[in-house]
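A short write-up of the structure that comes next.
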Amino acid sequence: LSPPQPPSSPQSEKRASGTATRHAEMLTNQLSETDTGMSTSASQDKVPTHPLADAAPQVDGPGSDGERSLLSLDTEALLHILTFLPLSSIAAASACCRELRHIANDPVLWQALRVSFWSMPEHQLVSDAKADFVRRCQQYISMAKERRFQVSDDSETGPYVNASRHTAGSGVLLQTVEYTGGGGDSLGHSTVGCVCLSAPAVNWPGGGVQVQYFEICVRSAGEQGFIAIGWCRDSYPRRNRQPGWEAHTYGYHGDDGRAYRDSGFGKPFGPTFTTGQVVGTGLVFPRVNKGEKHARIFYTLDGELVGWAFPRVPAAQLLRPAIGLHSAGERVDAVLGGDAASLLDASPELKPKPFVFDIGAFIRSLENPAAATQQAESPENGKNCMGLPEIEADEREDEEDSVPEALQLIWLRIQAEDDESEATLDELRRFAQHGTGARLHPSWGVETVQQLAPDMLRHLCTLILQHMVHPGLQ
């Protein structure tokens, strides 16, 4: 269906081809313009050579020399063709002639692209589908281009981390973060290299759920593998502590696979991770119109969902992506999103995928009522199982005395006196060692936690837990 080809001019060739940079300018300028039509000059009325025309087969039919023109197709057929093209080709096709420009501005095209490209609900209609699509493209680019991890310049014990500038690679923008402390620094509790974003993260532009997500690729686990990925508030990195160790912070730690929140003792959560693995985390904001009250945090490992670590997150709008490193030689590459060139090459069949984890497909699954029900039935439902007053998530923005989930799980194990399985006793011993250190006071009759009988071990854990929840208790 190739149209008759007029003699090409330098002006038309320049308009129909170009590098990704020129296409980027065309996308931001041309696709955001209103449909004002094209000039009636002879040069603009000509149809330049374009892959859209070259790829079409020739058939017999009415027209010059037994050929049919591409433009002889009806509008629905042309719209259908455009829905399969990369964004750069749509922009270039709209520059060929006024007919293609008119079709490239059709609201039906951009509504279809919103659904197929960004996974927006089909029933959700907007007044200007094209402007909404371009806005989401700009949002995609700003995820990484306008955000970077920064080192605190007023840390309490000095910076133990270095963060590089953005570098491009395989369609994404990378930022390398590495630990700068020595071998002995990993023994201190305030010698962590912690960084967070310079500004709040940008939501993923697709789907009907607000989700912020980022990943790190572990280039080197260093001496100990004390690497954490999570969320914190902007003032936290100056304390040189791991994400999850203190209030309003959340972290998944690579050395033990535990999830930490508001406490130096984490709960069992997922696998450990080390050199060569990719770890991600997402913050899902509640849909008020669906009756949801709490934000949630999930984690991924090597492109697979690990699980929901924290299903009740207060004041989520104050959180920022965070990375913690705590032993010599640790180095990670952080990925916040893709670059403009990869977006221009994307199409509905090859959607933008800057992450190892398919965040677009995951967001679509969140819109499934069955998935929402399954998440609500998570064993960690935020209920206070210690009999202490629980502060609702939307009321505790500035509260730091709510009981962390990890401590609630310890309390459950203490109460299960008939459970003397190795898994339960090992978890209680781990908690007791966290609270007492390597050796016990002579009054316990034994030297180490490992030597305690189950009933005495539970008693010790109860005392430690009471002291952690109510520090005034002796």
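The values are calculated or read from the model by the stated rules, or taken from the named source; none is laboratory data. Note that the structure is predicted; figures quoted are calculated from it, not measured. Positions of Cβ are backbone-derived with ideal geometry, glycine not excepted, and every protein chain shown enters the neighbour counts. All accessible areas refer to the heavy atoms of the entire protein, side chains included, with ligands and DNA or RNA removed. Shrake-Rupley method; radii C 1.70, N 1.55, O 1.52, S 1.80 Å.
Structure values in brief
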| read-out | value |
| --- | --- |
| For G280, net neighbour charge (Lys/Arg +1, Asp/Glu -1) across residues whose Cβ lies under 14 Å away | -4 |
| Packing-based order for 285-291, 320-326, 214-220, using average beta carbon neighbours within 10 Å, highest first | 320-326, 214-220, 285-291 |
| Sparse-neighbour loop sites [GluC sites (Glu not before Pro); segment 274-357; at most 14 other C-beta within 10 Å; DSSP] | E349 |
| Span from the segment 237-273 Cα centroid across to the segment 79-146 one, whole angstrom | 41 Å |
| Sequence-separation-based contact order of segment 148-335, relative, with Cα cut under 8 Å and 6+ spacing, percent | 30 percent |
| Violating pairs (Cα-Cα greater than 21 angstrom) within the set K290/K353; K145/K353; K145/K351 | K290/K353 |
| Accessible surface of D426 - all protein chains present, 1.4 Å probe, nearest 10 Å² | 80 Å² |
| Relative contact order, percent, segment 86-207 [alpha-carbon distance under 8 Å, six or more residues apart] | 25 percent |
| Cβ-based net charge around P271, under 15 Å, with every Lys or Arg adding one and every Asp or Glu removing one | -2 |
